[in-house]
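Working notes for the structure below.
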Amino acid sequence: PTTGLEVIAQNGRFGAYVQLGEWSEEDKKAKRNKPKSASLPKTTTIEHMTLEGALKLLVFPKVLGKAEDGEDILVNVGRFGPYVSHVRLNAKLPDGKDPHTVTLEEAVKLLADVKKQREELAKPIAELGEDPVTKQPIIVKNGRFGPYITDGTTNVSVKKGTEPTEVTHEMAAE
């Protein structure tokens, strides 16, 4: 209703989706003017998609407001579900939370929690001195996939069954 463009529901490589308007062959080849599109939720099929449902999906990404730094805080639905984002920080919405009803205050809190978690992960567990080969400091850190040892260039996972706090300089250098 707002753009006058046709809303299309179709199957693609990555599943069913809705799209606002057609994408001309010329634009496809030049990879420009791609129409806005949104994946259908796993619980919905093309046969059961309505115009109202499609329009609800096509509102994303939606600006919730501005952060203190003046940048937009957005709510969106991605391939792993609904999330809020600010610059390069993303926070998954809790299970069952409707992305249409999330508020700016809720988004700010979720993003602050994720930022705090990242800061905690960035703190070193142990500093073990200088690497004999690279002459860089050896640090034991917590990462996305568990504890690891790094000299700033090379990252190695801490062996299973070994407490990260018990890693010695010799073990790390090895």
Residues of segment 120-130 being in contact with a helix residue (DSSP H, G or I) (Cβ under 6 Å, 6 or more places away or on another chain) and over 17 Å from THR162 (Cα atoms), in sequence order, are GLY129
Log entry, pairs with first residue in segment 132-158 being of a type in the set (Gly, Ala, Ser), second being open to solvent by less than 60 Å² (accessible area, probe 1.4 Å) and assigned to a loop (DSSP other than H, G, I, E, B), beta carbons closer than 8 Å, six or more apart or on different chains, reads GLY146/VAL158; GLY152/THR134
LEU104 meets each of (1) in contact (Cβ under 8 Å) with a residue 40 or more places away in the chain; (2) in contact with a Lys or Arg (Cβ under 8 Å, 6 or more places away or on another chain) with one exception, condition (2)
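Yes/no matrix, rows are residues, columns are (1) touching a residue at least 24 places away in the same chain (Cβ under 8 Å); (2) farther than 14 Å from GLN10 by Cβ:
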{"site": "ASN33", "(1), (2)": "no, yes"}
{"site": "THR43", "(1), (2)": "no, yes"}
{"site": "HIS48", "(1), (2)": "no, yes"}
{"site": "LEU51", "(1), (2)": "yes, yes"}
{"site": "LEU57", "(1), (2)": "yes, no"}
{"site": "LEU64", "(1), (2)": "yes, yes"}
{"site": "ASP69", "(1), (2)": "no, yes"}
{"site": "LEU74", "(1), (2)": "no, yes"}
Residue hits (segment 52-83; in a helix (DSSP H, G or I) and surrounded by 14 or more Cβ atoms within 10 Å (Cβ to Cβ)) are GLY53, ALA54, LEU55, LYS56, LEU57
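Confirm whether LEU64 is within 19 Å of the chain's Cα centre (by Cα) and closer than 28 Å to LYS115 by Cβ. Before the answer, list the steps.
Numbers: within 19 Å of the chain's Cα centre (by Cα): yes; closer than 28 Å to LYS115 by Cβ: yes.
Judged against the criteria, LEU64 is a match.
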Of the residues in segment 1-51 that are in contact with a Leu (Cβ under 6 Å, 6 or more places away or on another chain) and in a loop (DSSP other than H, G, I, E, B), the one that is surrounded by the fewest Cβ atoms within 10 Å (Cβ to Cβ) is LEU5
Scanning segment 90-99 for residues that are surrounded by 13 or more Cβ atoms within 10 Å (Cβ to Cβ) and either in a helix (DSSP H, G or I) or modelled with pLDDT under 95 (or both) gives LYS97, PRO99
Given the conditions (1) at pLDDT below 90; (2) open to solvent by 90 Å² or more (accessible area, probe 1.4 Å), every one holds for ALA122 apart from (2)
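The values are calculated or read from the model by the stated rules, or taken from the named source; none is laboratory data. All of these numbers come straight from a predicted model, not from anything done at the bench. Neighbour counts are summed over all protein chains in view; Cβ atoms, including those assigned to glycine, are modelled from backbone coordinates with ideal geometry. Heads up: the accessible areas ignore ligands, DNA and RNA and are worked out on the full protein's heavy atoms, side chains in. Shrake-Rupley method; radii C 1.70, N 1.55, O 1.52, S 1.80 Å.
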